[in-house]
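Taking it in order: structure first as structure tokens, then the write-up.
What follows is calculated from the coordinates using simple rules that are stated; it is not laboratory data. Predicted model, so just to flag it, every value in this text is computed and none were measured. Note that each Cβ is placed from the backbone with ideal geometry, even for glycine, and that neighbours are counted across all protein chains shown.
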Amino acid sequence: MESDLVLRLRQWMEQHHIDVWLDSGQDPHASEYPLQHWRTRQPLSGFSGSAGVVALTRSGGILATDSRYWLQAETELGPGWELVRAAGSLDVALQAHWQERGLPQTIGLNPWQWSWERWQAWGHWARGWGLNLVSAQEAPFAFWADRPEPPAGIIRDYEADFPLDSRPMKLDRLRAAFKRQRATATLISGLDQIAWVLNLRGNDIDYNPLFEGYLYVDPEAAHLYCHTGGLEDGLPERLLRDGVQVHDLSALRPEALRSERLVIDAATTPAALAEPLADRLVSVAPAVVSLMKAVKSPSEIDGFRRAMIADGRALIRLSMWWESQTGPLTEAEVAATLWRFRQEEGAWIPSFATIAAWGPNAAVVHYDPAERGASIEGAGLLLLDSGAHYPWGTTDVTRVLVRGNPRPEWQLDYTRVLRALIAVATSPFPRGSKGYQLDALARGVLWRDRQAYGHGTGHGVGHVLCVHEGPQRLGPDPNPQELLPGMVVSLEPGLYRAGQWGIRLENLALVRGAQTNEFAEWLGFELLTLAPFEPKLVDVELLGPAERAWLWEEHLRLEKVLGPRLTDSERAWLEHRGREWKNLLGQPQ
């Protein structure tokens, strides 16, 4: 049965002669986890994944999403809905679908839900085919009876809790950057960018310690537009001392931004703000803040290391608990137990929704146990992809746990993925290398066996911000951003067999300088994650001498860093795991 929102929106579409309502799934900041009161994708379509474009028609609908969500979408979309399986851009995939099946003449969009970059791209495409785009800010929210209220969370001064470059220092760097672009001001819409510049954190959004707002910076002052009721005591005065004036979010108007030469990030600024400013924009390039925050400061790197120690202890405790359980469990129970262990280590919030996927569920790349909660019984594999924001840093780690006697085919797939991880983690690369070049190092290991995976090999990781951040990433698409010393990225190849099992192994790594010779300045990865692999799932005959030595060194790293910080029972467990590796690998040199 269709929701009241869908019925009322379709009535409005008919009244205004709109053939298709196009929903980006975004909030006005292009957040990965949109603010609750902007999340219309699931109410419109029933699809709960975190990436998808919805095209609601008068009688049905279309969802375009990527391979991580194809299986999920098939189960969640109702009758009359079509699934467009996108291999790249979701927008382009939907456009290609229409070009093959028949074009709608009039398409409605809300300019607050589309970034300026995507809005312009849709406009260019529509003009090329003679179609009409209708901008409507009232839809679909005027018809959403149970729309969540705007957030009213606390905004706190993170600079007071953790050693960071000061707000005035970051604002000076930002002003120097937009001055080089011959601009006199910048408008920042990305929530993680605002939080990084101002050293603030909040709780307005799921899994990201951020708050809703905008930041306008000109040569004289910075202006923060936010829900002012959430500012902790004394913070407005501290911000003003640092040159930041605070305004209520309702006061933000394009005409309030006085600069005649303005820089924005077209990927995160909503069209509703950018379009009225279009004749004043001198640059819509990716915000310089993205690259500034991607290269971590020494104190941020130290914070990552401290967070990994806390996370490592929690993960060892989880492994011990897992091995002690002999009766039935649920995926949700495993996720909740791991979160309890992390909370005991000081974690603030999860850095994303934990994926605890048993058996065939692990073949659904972004499976959510909270919604499905399958039982864990008998022998099988559990894919556990999880992370947390600690006061000092952010974690994201994937491991595979086993119950019962491992089957040879499990060991074969696990070892192949492990070899792919080792290949990319150990390879030096010349400065200037891009993520797509390194992506091929991991993917190529599986290609040799005619196997592949449908997601990227890695993403940037923010420091107590967003666990998925740019501009760096490791994927097959030709992202132009080079990897720079100080960046933190994930390394996470995988292998998935629909209806059977899925395997992914993930470590976070720091890009570091290695050496310089007559050929190049060479960089490499330093692994940060402290989490054990599973020797029972390794087919040692598939490993070369260097791979065996790497596995042994990884275990020794865990013993060296974590060992002195574990309880007696935890240390005994880790030492026993070391004996398993030693027996398996044959005392590698």
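Rounded to whole Å, the principal axis extents of the Cα atoms in the stretch 252-332 read 66, 35, 20, largest first. Just report the Cα centroid separation between the stretch 412-478 and the stretch 103-177, whole Å. The two parts, judged by their Cα centres, are 29 Å apart. Here Arg261 and Arg407 are evaluated by their C-beta separation; at R0 = 60 Å the FRET efficiency comes out at 0.40. Which percent of Cα pairs goes in each bin when the distances of the stretch 288-379 are cut into 10 angstrom slices starting at zero? With a bin width of 10 Å, the distribution comes to 15, 36, 30, 15, 4, 0. About the centre of its Cα atoms, the chain shows a dipole size close to 1100 debye [charges on the beta carbon of Lys, Arg (+1) and Asp, Glu (-1) only; nearest 20 debye]. Close amide H partners of Ala514, meaning residues 5 or more places away or on another chain with modelled amide H under 5 Å apart, are Trp522, Leu523, Gly524. Each principal axis of the Cα cloud of the stretch 81-121 was evaluated for its coordinate range; sorted largest first, these ranges are 27, 25, 19 Å.
How long are the three semi-axes of the equivalent ellipsoid of the stretch 209-367, in whole Å, if each is the root of 5 times an eigenvalue of the C-alpha gyration tensor, listed from largest down? Walk me through the numbers on the way to the answer.
On the way: eigenvalues 367, 82, 51 Å².
With the √(5λ) rule applied to the stretch 209-367, the semi-axes are 43, 20, 16 Å.
FRET efficiency for Met169 and Asp233, Cβ-Cβ distance as r, R0 = 25 Å, nearest 0.05?
On the way: r = 25 Å, r/R0 = 0.98.
After rounding, the FRET efficiency stands at 0.55.
Count the DSSP beta bridges whose two residues both fall in the chain, then state the antiparallel fraction as a percent rounded to the nearest 5. Mind dumping the intermediate values first?
Numbers: 59 of 81 bridges.
DSSP beta bridges in the chain are roughly 75 percent antiparallel.
Over every pair of different alpha-carbon atoms in the stretch 509-569, take the mean of 1/r and invert it; report that Kirkwood radius in Å. Don't jump to the answer; show the numbers that get you there.
Values: mean 1/r = 0.0703 Å⁻¹.
Here the Kirkwood hydrodynamic radius works out to 14.2 Å.
Across the stretch 295-585, Cα-Cα pairs more than 31 Å apart make up 23 percent of the total. For the stretch 156-293, state what percent of all Cα-Cα pairs lands in each successive 5 Å bin, counting from 0 Å until the bin that includes the largest distance. The distribution over the stretch 156-293 is 2, 10, 22, 25, 22, 13, 6, 1, 0, given as percents.
Rounded to the nearest 10 degrees, what's the angle between the helix 568-585 long axis and the longest principal axis of the chain, both from Cα atoms, 0 to 90? Taking the Cα atoms of the chain, the angle to 568-585 is about 70 degrees. The Cα atoms of the stretch 422-534 cover 49, 35, 28 Å along the three principal axes, with the biggest extent listed first. Compactness of the stretch 472-579 was expressed as the Cα radius of gyration divided by 2.2 N^0.38 Å, which yields 1.32. For the chain, relative contact order (Cα pairs under 8 Å, six or more residues apart, normalised by length) works out to 11 percent. Return one number: the angle in degrees, 0 to 90 and rounded to the nearest 10, between the long axis of the Cα atoms of helix 4-15 and the longest principal axis of the Cα atoms of the chain. Here the helix axis deviates by roughly 40 degrees. Structural descriptor for the stretch 295-585: relative contact order 20 percent, calculated from alpha carbon pairs under 8 angstrom and at least 6 residues apart. Run the Debye formula on the Cα coordinates of the stretch 161-219, all scatterers equal and no solvent, and tell me log10 I(q)/I(0) at q = 0.13, 0.20, 0.25, 0.26 1/Å. The Debye formula, applied to the Cα set alone, gives -0.36, -0.77, -1.04, -1.08. The Cα center of the stretch 306-348 and the Cα center of the stretch 518-548 differ in position by 24 Å. Take 219-230, 265-276 and order them by the average number of nearby Cβ atoms within 10 Å per residue, most first; the result is 265-276, 219-230.
Dividing the helix sum by the residues of the chain, where each DSSP H run of 4 or more adds -39500 (n - 2.57), gives a mean residue ellipticity at 222 nm of -10500 deg cm²/dmol. Could you tell me how many degrees, from 0 to 90 and to the nearest 10, lie between the Cα long axis of helix 167-180 and the main elongation axis, the longest principal axis, of the Cα atoms of the chain? Value to nearest ten degrees: 60.
For the stretch 295-585, please report how many Lys pairs fall under 23 Å Cα to Cα, leaving out neighbours fewer than 8 apart on the same chain. Step by step, the pairs that qualify in the stretch 295-585 add up to 4.
For the chain, what is the convex hull volume of the alpha-carbon atoms per residue, in Å³?
Details: hull volume 98.9 nm³, N = 589.
Cα convex hull per residue, to the nearest whole number: 168 Å³.
Only one residue of Ile188, Leu224, Tyr158 has its Cα farthest out toward the positive end of the dipole of the stretch 156-293, where Lys and Arg carry +1 and Asp and Glu -1 on Cβ, and that residue is Ile188.
For the stretch 4-143, the square roots of the Cα gyration tensor eigenvalues, ordered a ≥ b ≥ c, give a/c below 1.5, which places it in the rounded category.
For Trp116, neighbours were defined as the other residues whose beta-carbon sits under 11 Å from its Cβ, and their charges (Lys and Arg +1, Asp and Glu -1) total -2. Computed about its Cα centre, the charge dipole of the stretch 1-51 is approximately 80 debye, with only Lys, Arg, Asp and Glu carrying charge at their Cβ.
Between Ala96 and Glu220, what FRET efficiency comes out of the Förster formula 1/(1 + (r/R0)^6) with R0 = 51 Å and r the beta carbon distance, rounded to 0.05? That pair, Glu220 with Ala96, gives E of 0.60. When a/c reaches 1.5 or more, the comparison of a/b and b/c decides; with that in mind, is the stretch 330-437 rounded, prolate or oblate per its Cα gyration tensor? Because a/c hits 1.5 or more and a/b fails to exceed b/c, the stretch 330-437 counts as oblate.
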